[in-house]
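Let me begin by presenting the structure, written as structure tokens, before commenting on it.
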Amino acid sequence: MGEVKVTKEELIEKAKKPAQDAMKMHPYYKGKIEVVPKCVIRDINDFAIWYTPGVAEPCKAINKDSELGFEYTNRANMVGVVTDGTRVLGLGDIGPLAGLPVMEGKALLFKYLGGVDAFPICLDTKDPDEFIRTVKLLTPSFGGINLEDIENPKCFYILDRLRAEMTIPVWHDDQQGTAAVTLAGLINALKIVKKKIQDVKITMIGIGAANVCIVRILIRAGADPEKMIVVDSKGILNRKRDDIKPTHKEKLEFCKITNAENRSGGIEEAIKGQDVVIALSKPGPDTIKKEWITNMADDGIVFVCANPIPEIWPWDAKEAGARIVATGRSDFPNQVNNSVGFPAIFRGTLDVRARTITDEMCIAAAEELARCAEDKDINEDYLLPTMDEWEVFPREAVAVAKKAMEQGVARLKFTEKELFQMAEAKIKRARDEVAILMEKGIIEPYKE
């Protein structure tokens, strides 16, 4: 039998379906998460244990030793997903309430993929100092904080302050999470084209929170900054640029350390002759044009990760000569998806009660992600594990936990075997819970 050809029109229609289904299923279920008990309730008398009068005893114990808060409550497994709604997905500043569906979705992924209990917190303020103060006030309730969808450059200021001033790990998934998964995909893409990270010429399109951190992580992973070209909305960053505000310190730094040839121009000029293009910029499909991809080096690698529409449709990039194309979408091959990163990274972080999440912990996660895909035989349409490969998540969590212990930022220490058993049990429990709730009809099947 001959191969069935799929037309561009069919692919475009397929790309529209998740949005159409979302508008039916969100109101059907009225959200995605709820709070359920995790303790036994044998009969009504157990509330004397879980609430008054029995609960006074663990309260007194925690008052004497604050570390017991991790042992006697769910704090050790609880993450706050915090946003101000100023940069939600590719939608921009839509506000905290409109961002709530995204934060609920994030909490759902934390639980199902990482066994992490997460709660959405949408703050009705654009003042970064008020944001910081509020998150700090919430510290006793959480074992970690995941910052989400905060505009640039405010997100850098908020992250730096909170990481310096809080005693629990704080990270910005749009920065470190995206960087970790992008690095994992690039590691395997480079294996396929038989190029080394220190040798390739990389162009970054867009200089929001994600690409700023990707640049930093790629350099730490071995990329040569002098061979990198970074493009913002006004063109290529170079030593001649005098229009960058002092508050954009990351841009100013990149002007100094990247683009050794001092290339100028726009996206077209930035792509010419490059081995790799990584774009997290304006949604397409015409932000990057086919003829520009044609001018890349042989065996070009193109990551076009804008949401909801990539900067160029992947089939157009392939027709233009790119050998490997990745996007941010689950309905195309090679999704560069934070969801294969953050649940496991936090799982490993929480299991050893790490004080922070370092770049090296993210690189360890990226390298393990890449190995997981390589174990299944990578190819041009399979660079990264997908969310349904659940066995990847405990492996990644172990890699992160080991790196935290190695760097001295972990409060607890375990063997590799113990770490794997803990992570696997917690992740499996979360998945089994959902399966049982669906099987019993407590989570009702969706009906049109």
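The values are calculated or read from the model by the stated rules, or taken from the named source; none is laboratory data. The structure presented is a predicted model; accordingly, all values stated were derived computationally and were not measured. When we count neighbours, we look across all protein chains shown, and the Cβ atoms used for this are built from the backbone with ideal geometry, even at glycine.
Looking only at region 31-63, which residues are assigned to a helix (DSSP H, G or I) and either touching a Leu at 6+ places or on another chain (Cβ under 8 Å) or of a type in the set (Gly, Ala, Ser) (or both)? Once the filter is applied, which keeps residues that are assigned to a helix (DSSP H, G or I) and either touching a Leu at 6+ places or on another chain (Cβ under 8 Å) or of a type in the set (Gly, Ala, Ser) (or both), region 31-63 yields 48, 56, 58, 61, 62.
From the list 244, 205, 229, the one residue that fits, being within 17 Å of residue 265 (Cβ to Cβ), in contact with a helix residue (DSSP H, G or I) (Cβ under 7 Å, 6 or more places away or on another chain) and free of Cβ contacts under 8 Å to residues at least 24 places away in the same chain, is 244. Of all residues in region 349-379, those that are part of a helix (DSSP H, G or I) and among the polar types (S, T, N, Q) total 1. The combined condition, being more than 22 Å from residue 182 (Cα to Cα), small (Gly, Ala, Ser) and touching a residue at least 24 places away in the same chain (Cβ under 8 Å), is not fulfilled by residue 300. The set of residues from region 276-289 being crowded, with 21+ Cβ neighbours inside 10 Å and either of a type in the set (Asp, Glu) or modelled with pLDDT of 95 or more (or both) comprises 276, 277, 278, 279, 288. Of 321, 348, 341, all but one fail to be touching a helix residue (DSSP H, G or I) at 6+ places or on another chain (Cβ under 6 Å) and either over 30 Å from residue 12 (Cβ atoms) or of a type in the set (S, T, N, Q) (or both); the exception is 348. Looking at residue 244, is it more than 25 Å from the chain's Cα centre (by Cα), modelled with pLDDT under 95 and of a type in the set (A, V, I, L, M, F, W, C)? Answer is yes for this residue.
Yes/no per residue for (1) in contact with a helix residue (DSSP H, G or I) (Cβ under 9 Å, 6 or more places away or on another chain); (2) in the same structural domain as residue 353 (by TED's automatic domain parsing); (3) more than 26 Å from residue 167 (Cα to Cα):
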{"site": "393", "(1), (2), (3)": "yes, yes, no"}
{"site": "399", "(1), (2), (3)": "yes, yes, no"}
{"site": "403", "(1), (2), (3)": "yes, yes, no"}
{"site": "414", "(1), (2), (3)": "yes, yes, no"}
{"site": "431", "(1), (2), (3)": "yes, yes, yes"}
{"site": "434", "(1), (2), (3)": "yes, yes, yes"}
{"site": "441", "(1), (2), (3)": "no, yes, yes"}
{"site": "445", "(1), (2), (3)": "yes, yes, yes"}
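Checked against (1) more than 30 Å from residue 267 (Cα to Cα); (2) out of contact with any strand residue (DSSP E or B) (no Cβ under 7 Å at 6 or more places or on another chain), residue 354 meets all criteria but (2). Residue 151 falls short on exactly one of the conditions (1) within 22 Å of residue 165 (Cβ to Cβ); (2) at pLDDT 95 or above; (3) not aliphatic (A, V, I, L, M), and that condition is (2). Pairing each residue of region 99-112 that is more than 22 Å from residue 348 (Cα to Cα) with any residue that is among the hydrophobic types (A, V, I, L, M, F, W, C) and at pLDDT below 95, provided the two are 6+ apart or on different chains, yields C-beta distances under 8 Å for 99/88; 102/88; 102/89. Output the residues belonging to region 56-107 that are among the basic types (Lys, Arg), within 19 Å of the chain's Cα centre (by Cα) and modelled with pLDDT of 95 or more. Of everything in region 56-107, just one residue is among the basic types (Lys, Arg), within 19 Å of the chain's Cα centre (by Cα) and modelled with pLDDT of 95 or more, namely 106. Consider residue 136 carefully, then state whether it is surrounded by fewer than 17 Cβ atoms within 10 Å (Cβ to Cβ) and under 26 Å from residue 408 (Cα atoms). For residue 136, the condition - surrounded by fewer than 17 Cβ atoms within 10 Å (Cβ to Cβ) and under 26 Å from residue 408 (Cα atoms) - is met.
The rows are residues; the columns are (1) assigned by TED's automatic domain parsing to the domain that holds residue 158; (2) more than 30 Å from residue 444 (Cβ to Cβ); (3) in contact with a Cys (Cβ under 9 Å, 6 or more places away or on another chain).
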| position | (1), (2), (3) |
| --- | --- |
| 12 | no, yes, no |
| 39 | yes, no, no |
| 45 | yes, yes, no |
| 61 | yes, yes, no |
| 64 | yes, yes, no |
| 73 | yes, yes, no |
| 80 | yes, no, no |
| 88 | yes, no, no |
| 92 | yes, yes, no |
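Of the residues that make up region 406-418, is at least one in a helix (DSSP H, G or I), surrounded by 13 or more Cβ atoms within 10 Å (Cβ to Cβ) and of a type in the set (A, V, I, L, M, F, W, C)? No. The set of residues from region 82-134 being among the charged types (D, E, K, R), more than 11 Å from residue 149 (Cβ to Cβ) and part of a loop (DSSP other than H, G, I, E, B) comprises 124, 126, 127.
For region 379-399, enumerate the residues that are touching a strand residue (DSSP E or B) at 6+ places or on another chain (Cβ under 8 Å) and either within 17 Å of residue 354 (Cα to Cα) or touching a residue at least 60 places away in the same chain (Cβ under 8 Å) (or both). Within region 379-399, 380, 383, 384 meet the criteria.
Selection over region 94-109 of residues that are in contact with a Lys or Arg (Cβ under 9 Å, 6 or more places away or on another chain) and within 16 Å of residue 142 (Cβ to Cβ) gives a count of 1.
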